[in-house]
Every structure is written in structure tokens, then in C-alpha cells.
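Below you'll find the structure, written out as C-alpha cells, and then a few comments.
The values are calculated or read from the model by the stated rules, or taken from the named source; none is laboratory data. Since the model is a prediction, treat every value here as computed from it, not as a measurement. Here the Cβ positions follow ideal geometry from the backbone for every residue, glycine too, while neighbour counts run over all protein chains shown.
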Amino acid sequence: MSATKGTVKKYEDKQVIFEEGERGDRMFVVESGYVRIYRTRSGKNIEYGIIGPGEFFGEMAMFAEHKRSASAQAKGKTELQIIDVDNFLSRVNDALVLNVIRKLSDRIREIDDRIEGLIMQDQVRREHLSNLIAHSRRIY
């Protein structure tokens with residue numbers, strides 16, 4: 001593996017790249033094809049997104065030393081550049097580093113927006129339930 005580019009690996013359609021719960025020590029950049037990101041809950045796969053050429057994934061587990069929070073699977077024939085921590089750090093002045101930082105910021109912002117939306121939904125549900133209870137007490 002060179003300091004400027006990671007190893008490129010080919011994946012077949014539906015081939016699993018990594019599974020939720022695995023230790024993450026590398027990230028991936030899609031050279032060609034697509035990657036499906038999903039979680040499994042109650043035996044059902046919940047799709048989180050499709051990653052395409054030029055995009056990356058798997059970076060959070062690499063730096064935080066956490067287990068993978070989702071699974072990744074090739075969607076069609078796919079080629080991925082595999083980048084480990086040392087390779088990533090050797091690119092500090094590389095445009096990829098800036099792209100990762102920007103994308104992480106976007107993802108954090110998106111998560112904050114989703115949390116806020118869930119909180120608002122919860123408040124509306126509580127108010128609705130409170131109104132239903134008050135109304136039912138007036139009936140009896």
C-alpha cells in the first residue's frame with residue numbers, strides 16, 4: 001500500500017464488505033459501483049443509504065475505535081480503495097482529508113436534525129395523548 005493510495009479490492013454483487021458489530025480499522029472509498037449501508041433490527045434490514053463513486057464510508061469506526069455501527073454490502077460489481085489509519089494520516093494535506101472532515105460535519109449536523117425531529121414528534125405525541133386522556137375523562 002502506498003502513502004498516497006490504499007489497496008483496491010473488487011467485490012461482487014451482494015458481497016458483504018463488513019458487518020455491524022465488527023471492529024473497524026479501515027475506511028473505504030468507492031472507486032466504482034455502489035455500496036449499500038444498512039442495520040439489522042428485529043430481523044429486518046433497515047437501509048441507511050447507498051454510497052457511490054468518489055464517496056467514502058467506514059471512517060467513524062476507524063478513528064473512534066468502536067465497532068461498526070452498520071453493515072456494508074456491494075450493490076453490483078464494486079471496486080473499493082481500502083485506507084487504514086496510517087495511510088489516512090499520511091494524507092493530511094490531501095483533498096480526501098478535507099472531504100472526510102466536511103462529510104463528518106455534515107453527518108453530525110444531519111444526526112442533530114434527526115434527533116430534533118424525533119424530540120418534536122415525541123412532544124406532539126405526548127400532547128395528543130394528554131388531550132385524548134382529558135377528552136375521555138369528560139365523556140365518563
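Of all the criteria given as (1) surrounded by 12 or more Cβ atoms within 10 Å (Cβ to Cβ); (2) outside any helix (DSSP H, G or I); (3) modelled with pLDDT of 80 or more, the one not satisfied by Ile46 is (1).
Is it the case that the range 126-134 has a residue that's touching a residue at least 12 places away in the same chain (Cβ under 8 Å) and either of a type in the set (Gly, Ala, Ser) or surrounded by fewer than 10 Cβ atoms within 10 Å (Cβ to Cβ) (or both)? Let's see the steps before the verdict.
Within the range 126-134, the subset touching a residue at least 12 places away in the same chain (Cβ under 8 Å) is none.
No, there is no match, as no residue in the range 126-134 is touching a residue at least 12 places away in the same chain (Cβ under 8 Å) and either of a type in the set (Gly, Ala, Ser) or surrounded by fewer than 10 Cβ atoms within 10 Å (Cβ to Cβ) (or both).
Quick one: in the range 17-33, which of the residues that are surrounded by fewer than 17 Cβ atoms within 10 Å (Cβ to Cβ) and of a type outside the set (Lys, Arg) is nearest to Leu80 (Cα to Cα)? The extreme case among them is Glu31.
Scanning the range 12-33 for residues that are at pLDDT below 95 and part of a strand (DSSP E or B) gives Arg23, Arg26, Met27. Taking the range 114-140 as the range and being modelled with pLDDT of 80 or more and β-branched (Val, Ile, Thr) as the test, the residues that pass are Ile115, Ile119, Val124, Ile133. Scoring Arg36 on the criteria (1) at pLDDT 95 or above; (2) over 12 Å from the mean Cα position of the chain (by Cα) leaves a single failure, condition (2). Of the residues making up the range 49-66, those that are surrounded by fewer than 14 Cβ atoms within 10 Å (Cβ to Cβ), in contact with a strand residue (DSSP E or B) (Cβ under 6 Å, 6 or more places away or on another chain) and either closer than 14 Å to Lys10 by Cβ or not small (Gly, Ala, Ser) (or both) number 2.
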